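What follows is calculated from the coordinates using simple rules that are stated; it is not laboratory data. These numbers were taken from a predicted model, which means no experiment stands behind them. Methodologically, a virtual Cβ is constructed for each residue, glycine included, from the backbone with ideal geometry; neighbour enumeration extends over all protein chains shown.
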Amino acid sequence: MAKICVITSGKGGVGKTTAAAAIGAGLAASGVKTILVDLDLGLRNLDVSLGLETQVFYHIGDVVRGIVPAGDALVTAERYPNLALLAAAQTVKAEWFTEESLRRLLAELSVLAEIILIDCPAGIGEYFRSVIPLAGEGIVLTAPVVSAVRDADKVLHLLEEAGVRKRSIIVNGVRPELVRKGAMMKPEEITDVLGAELLGVIPDDDAVISLANEGRPVYGGSSPAAAAYGRIVRRLLGESVPIPPIRKKKGWFSRY
Ligand SMILES: Nc1ncnc2c1ncn2[C@@H]1O[C@H](COP(=O)(O)OP(=O)(O)OP(=O)(O)O)[C@@H](O)[C@H]1O
Ligand SMILES: [Mg+2]
């Protein structure tokens, strides 16, 4: 049975979909059979992040309605061995997505992979509430700003209440010059506030934007953000890759 991990946040636009694509691509490249599920219903971003949008034929709505088995709705591509994607439905009827239909969906997917990563919509939506009791792990993305951290705290509590045992955070979009000036929260301060394990720190990196435009995940290559996601993947694989302290010099992020 696959591990089920939700990738979530309190605030929107803090990098969940980017993280889901990067971590999914990274785990798959490391030989872990991975399924990415786009649960941001009504929108559809994860296929675009992976450059797979032209290959989506079926979507999650078709599976929960019983039109196709989950395995037949998965998008795979030669350039991503071990990775499959279940795309979001762009039109959504609330009655399709019951706790029961989502439970059946995840049970079906669980026998097809070692890990299922679910890209969630921002905040505490209805579908999110249905899915979290089924997840063993939750990764919460936050920006290093007070309002995002406060909202991340709410989501972490919700995960805890739902019985999600392993909860960690990724601090995304860190700008060292602002941290140095004291104008941006330090990742360590954020983990202190949230009381959750720090899975990784991702710098604000223009390469993320270029890769997004090219439909490529932020994994591999030499950009600081890709390197940071590489370390997150190794941590998820159980390697001990420490998060180094902030160094007050150029190139700080190369150490994350
Ligand atoms: N580390 C980063 N550096 C620079 N840009 C980033 C970084 N991470 C994400 N972005 C950009 O920020 C935007 C939002 O990212 P993304 O779509 O992954 O967020 P999200 O949390 O999934 O948003 P939503 O809540 O709308 O689903 C995208 O344009 C993405 O390319
Ligand atoms: Mg998203």
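For the chain, what is the mean residue ellipticity at 222 nm derived from helices alone (per DSSP H run of n ≥ 4: -39500 (n - 2.57); sum divided by total residues; nearest 500 deg cm²/dmol)? Intermediate results must be reported in sequence, preceding the final value.
Working: 11 runs with 97 residues, N = 256.
So the calculated ellipticity at 222 nm is -10500 deg cm²/dmol.
Going by amide H atoms built from the backbone, whose H comes under 5 Å of the H on ILE202, apart from near neighbours?
HN-HN under 5 Å from ILE202: VAL171, ASN172, GLY173, VAL174.
Of the chymotrypsin sites (Phe, Trp or Tyr not before Pro) in segment 11-108, which ones lie in a loop per DSSP and count no more than 11 other C-beta atoms within 10 Å? Write out the running numbers ahead of the final one.
On the way: sites: PHE57, TYR58, TRP96, PHE97; in loops: PHE57, TYR58, PHE97.
Here the sparse-neighbourhood loop sites are PHE57.
List the relative contact order of the chain as a percent without decimals, with contacts defined as Cα pairs under 8 Å and 6+ residues apart.
25 percent
Mind giving me the nanometre distance, one decimal, between the label points for ARG180 and SER222, set 7 Å out from Cα along Cα→Cβ?
2.2 nm
Could you bin all the Cα-Cα distances of segment 3-255 into 5 Å bins starting at 0 and give me the percent of pairs in each, rounded to whole numbers?
1, 6, 14, 19, 20, 17, 11, 6, 3, 1, 0, 0
Rounded to the nearest 0.05, what FRET efficiency do LYS154 and GLU78 have when you use their Cβ-Cβ distance and R0 = 45 Å? Write out the running numbers ahead of the final one.
Working: r = 41 Å, r/R0 = 0.91.
The calculated FRET efficiency here is 0.65.
Could I have the simple spin-label model distance between VAL68 and ARG165, label points 7 Å from Cα toward Cβ, reported in nm to one decimal?
3.4 nm
Can you tell me how much longer the chain between SER147 and LYS93 gets when fully stretched, taken as 0.36 nm per residue apart minus their C-alpha distance, in nm with one decimal?
Taking 0.36 nm per residue and subtracting the Cα distance, the gain is 16.3 nm.
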